[in-house]
Amino acid sequence: MSDLNDLHAFLAVARAGGFREGARATASSASALSEAIRRLETQLGVRLFNRTTRSVALTEAGASLLTRLGPALGEVEAALDVVNGFRDRPAGTLRLNVPVSASRLVLPKIVPGFLAAYPAIRLEVIAEEGFVDLQAAGCDAGIRYDERLEQDMIAVPIGPRVQRFATAGSPAYLDRHGRPQHPRDLLAHACLPGRFSGRAVTPWEFERNGEVVRVDPSGPLVVTLGGAVDLAVDAAIAGTGIVSLFEDWLRPCFESGVLEPVLEPWWQEFSGPFLYYPGRRLVPTPLRAFIDYIRAGKP
């Protein structure tokens, strides 16, 4: 009988579409997955993947195995997790896929207390932007904002329920170039916008007394939203231009005085994030413990 770990390796590579992608989804290495697939193919006596230097594709045998194996391993995991429910304390691994903003602004207020309450649970957090297929990414749940949730997902509020986008510049920059009084004044300023990978620069939106103003910012620096945002903040502090970001992200800069709020009456509010997970699957015990913890409002 094939080793369960090798079968899980096959699922990871098949669902992710490659060894590197599968390794990233499972916190493993591409070489370890490749070795597992080699063992599995040797034991079964068939090739499961066609490999080239540029791509990895399932063979007909591999596709047939994937169709039957996914549900079967899901049942095995569900059965083992039922036994886990009889433990005095939940145990196991909980994998979350979250945006960088949540890893910085939401989870730090939750994770330490949760891990202290459930010492037998190991938490893995993958921070990246964009909506992902949780199953393909090997994650139990994710955190995203409501407009980016799929309809078949169950959503649980997590973190602050109302947030704002803040706009700011350094005092020195604003002394030199003036302080905007209306969002359209930003068109005459050096702005430090961001964009998601492969997309156009994200517009800045403002709202006041029912009036919504959308500005297409431009300036000397554009960063990828998420991982490179701190560079825009540092550039704003240095006087390069004006930055727009989560208010909670910029609050320490306001408190220290290195950045000054701009256009605060126009800052747009938006609803807070949600923990989401597939509604059609049995909820793993570590995830159930996490849901119960945030619903109890213990953080």
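In region 156-175, which residues are at pLDDT below 95 and outside any strand (DSSP E or B)?
Ile158, Gly159, Pro160, Arg161
Any idea how many residues of region 85-94 are at pLDDT below 90 and either among the acidic types (Asp, Glu) or buried (at least 18 other Cβ atoms within 10 Å of the Cβ) (or both)?
Residues that pass the stated criteria total 3.
Would you please name the residue that is most open to solvent (accessible area, probe 1.4 Å), looking only at residues in region 252-293 that are more than 22 Å from the chain's Cα centre (by Cα) and without any contact (Cβ under 8 Å) to a residue 60 or more places away in the chain?
Glu255
Pull up region 30-55, narrow it to residues that are modelled with pLDDT under 80 and within 30 Å of the chain's Cα centre (by Cα), then point me to the one that is least open to solvent (accessible area, probe 1.4 Å). Steps first, answer last, please.
Of region 30-55, the ones modelled with pLDDT under 80 are 52-55.
Retained after the next criterion (residues that are within 30 Å of the chain's Cα centre (by Cα)): 53-55.
Details: Thr53: 144, Arg54: 228, Ser55: 59 Å².
So, considering only residues that are modelled with pLDDT under 80 and within 30 Å of the chain's Cα centre (by Cα), the one least open to solvent (accessible area, probe 1.4 Å) is Ser55.
Take the residues of region 176-204 that are assigned to a strand (DSSP E or B) and open to solvent by less than 80 Å² (accessible area, probe 1.4 Å): which is modelled with the lowest pLDDT?
Among those that are assigned to a strand (DSSP E or B) and open to solvent by less than 80 Å² (accessible area, probe 1.4 Å), it is Gly194.
Taking region 248-299 on its own, how many of its residues are among the hydrophobic types (A, V, I, L, M, F, W, C) and part of a loop (DSSP other than H, G, I, E, B)?
7
The values are calculated or read from the model by the stated rules, or taken from the named source; none is laboratory data. In this text the structure is predicted, and so the values were computed from the model without any measurement. Counting neighbours? That spans all protein chains shown, and the Cβs are built from the backbone with ideal geometry, glycine included. Note: areas computed on protein heavy atoms with side chains; ligands, DNA, RNA excluded. Shrake-Rupley method; radii C 1.70, N 1.55, O 1.52, S 1.80 Å.
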